[in-house]
Amino acid sequence: LPPRHMDSVVEIVEALESTDRGFTGTVPELARALGSCSTPGCRAVLGEPPDVPPAPPTLSHEQWLLFTQLLRHDAAAPERGAVLAPDGSTVALGPLLAGIEVGLKRVSGWPIPNIEPPVDALYAVTIAEALGTSFLLARDGDGNQTTLGPGGCWDDVDDPQNYTLLGPPSLIPDAIANGAMDGVLLGAHLARAPIPLADLLRGYYGTGNGTEKGRPPSSYRRRDFRVLTEPGKLEEEVAAMLRVLRVLPPTQELLEDVGPEEVVAIAHRAAQEFMEVYVDCPAIVPRCMWGARPYRGTPKPLTLPLDSIYIHHTFIPSVPCRTFTACARAMRAMQRFHQDTRGWDDIGYSFVVGSDGYLYQGRGWHWVGAHTKGYNSKGYGVGYVGDFSATLPDPDTIALVRDGLLPCAVQTGRLHHNYTLRGHRQMGHTDCPGNSLFHEIETWHGFK
């Protein structure tokens, strides 16, 4: 089959949009016919799906097979309908195309579905139903039931075919969260300015450019979702959707003993946790996605929360990496150098900061690194890719750590709220993290 990559999806969409021969309706309607919107709430908002049409003659047999596989809803494994985007994130097509369908319907003067209580269709079909259901099902559990996540890894980033989750599944693995946020953003965009779907997807995900042209808009999804989703909006929509599910025959039983106050409490917790995990905290690319070698030996655990953060620059590579491909390559080069030349067990940094909008997992949250001699067990080492002696990282890349990683580490209990932040040069004989970056971090919260 073609790779499970956003490029393959754009080629399919382009072929479907290029002709009317044997294909009527829109691509999102076709997606619904194939099963992308088969939950009770989604059907209540968008209507019963159309019949499955015969295979469109404009698609090859393999393309049609891939498209039908990606859109067949599997409640036990919602991540199966996911593809790899050029920015290195993984996106589920179901919520993406449902949000796009709402945007297209709004621009064509679609009458708002007559649902009580009223819901915002864009949030209902992308995130509100899945989020409300996930937290509703967990409320009677032992507190260990997974409600969000996990992420996962592809078998091969050049020819992705199989995606494996990195932990116990929830109704909202990372791929669903990404697809839902993208569905909201692109649906809202289409409602204002309709354009062909292939052009919309290509522009947003940066497909077809080999990802070597810098950051695509999809790498800003967390920031843009926050801008569009004002405080309280997500909570309101999850609560409204739970009230709708209370009256729909397939889901009535789930909510029969859930009172109005509990609905509000579930919605509050669901929205708060979703925003914390997927909006307030930055995305971190796991080791298996950048192609890490195994750790050598046995890692030593950190005792959390830690007291300190140490800021570094890599110096070599000296050029900031602006794409997933370039950052993954830089990570592999650093790990080789640290393991083979320095003789360390692994790449030294806890986290590495790309200029592509993503953090890359080195030793991660839980294992002692090799970044700041004498202080490795006292703090996290965060290295910016590039030489920042004379220039600064981009403003967004500075903010990724200052306004993203650090508050998130405090909020999630990994870093003390009164942590100390220092440059590497303060702890040893080195110019790291470069004069420009050092003068920048002197202005940050926690700098001593």
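Screening residue 80 with (1) open to solvent by less than 20 Å² (accessible area, probe 1.4 Å); (2) under 30 Å from residue 151 (Cα atoms); (3) in a helix (DSSP H, G or I) gives one miss only, at (1).
Does residue 133 count as in a helix (DSSP H, G or I), open to solvent by less than 30 Å² (accessible area, probe 1.4 Å), of a type in the set (S, T, N, Q) and under 18 Å from residue 32 (Cβ atoms)? So residue 133 fails the test. Among the residues of the range 105-119, the ones that are closer than 16 Å to residue 192 by Cα and open to solvent by less than 50 Å² (accessible area, probe 1.4 Å) come to 1 in all. Does the range 62-76 contain at least one residue that is touching a residue at least 24 places away in the same chain (Cβ under 8 Å), in a loop (DSSP other than H, G, I, E, B) and either outside the structural domain of residue 187 (by the TED database) or open to solvent by less than 50 Å² (accessible area, probe 1.4 Å) (or both)? There is no residue in the range 62-76 that is touching a residue at least 24 places away in the same chain (Cβ under 8 Å), in a loop (DSSP other than H, G, I, E, B) and either outside the structural domain of residue 187 (by the TED database) or open to solvent by less than 50 Å² (accessible area, probe 1.4 Å) (or both). Residue check: is residue 421 assigned to a helix (DSSP H, G or I) and buried (at least 18 other Cβ atoms within 10 Å of the Cβ)? So residue 421 fails the test. Return a yes/no flag: does the range 32-42 have any residue that is in a loop (DSSP other than H, G, I, E, B), free of Cβ contacts under 8 Å to residues at least 24 places away in the same chain, open to solvent by 20 Å² or more (accessible area, probe 1.4 Å) and in contact with a Pro (Cβ under 8 Å, 6 or more places away or on another chain). Looking through the range 32-42, none of the residues is in a loop (DSSP other than H, G, I, E, B), free of Cβ contacts under 8 Å to residues at least 24 places away in the same chain, open to solvent by 20 Å² or more (accessible area, probe 1.4 Å) and in contact with a Pro (Cβ under 8 Å, 6 or more places away or on another chain). A single member of 412, 420 is among the β-branched types (Val, Ile, Thr) and within 22 Å of residue 358 (Cβ to Cβ), and it is 412. Scanning the range 188-201 for residues that are surrounded by fewer than 20 Cβ atoms within 10 Å (Cβ to Cβ) and either assigned to a helix (DSSP H, G or I) or out of contact with any helix residue (DSSP H, G or I) (no Cβ under 7 Å at 6 or more places or on another chain) (or both) yields a total of 7. Annotation note: of 50, 95, the sole residue that is assigned to a loop (DSSP other than H, G, I, E, B), assigned by the TED database to the domain that holds residue 191 and either in contact with a helix residue (DSSP H, G or I) (Cβ under 7 Å, 6 or more places away or on another chain) or more than 24 Å from residue 175 (Cα to Cα) (or both) is 50.
Restricting 78, 117 to those that are modelled with pLDDT under 95, in contact with a helix residue (DSSP H, G or I) (Cβ under 7 Å, 6 or more places away or on another chain) and under 26 Å from residue 285 (Cα atoms) reduces the list to 78.
Being among the β-branched types (Val, Ile, Thr) and assigned to a loop (DSSP other than H, G, I, E, B) is the filter here, so list the residues in the range 146-187 that pass it. Outline the logic, then answer.
If we filter the range 146-187 for residues that are among the β-branched types (Val, Ile, Thr), which is where we start, we get 146-147, 157, 164, 172, 176, 184.
Correct list: 146, 147, 157, 172.
The values are calculated or read from the model by the stated rules, or taken from the named source; none is laboratory data. Quick caveat, the model's predicted, so the values are computed rather than measured. For neighbour counting, all protein chains shown are included, and Cβ atoms are generated from backbone atoms with ideal geometry for every residue, glycine included. SASA here: full protein model, heavy atoms, side chains in, ligands and nucleic acids out. Shrake-Rupley method; radii C 1.70, N 1.55, O 1.52, S 1.80 Å.
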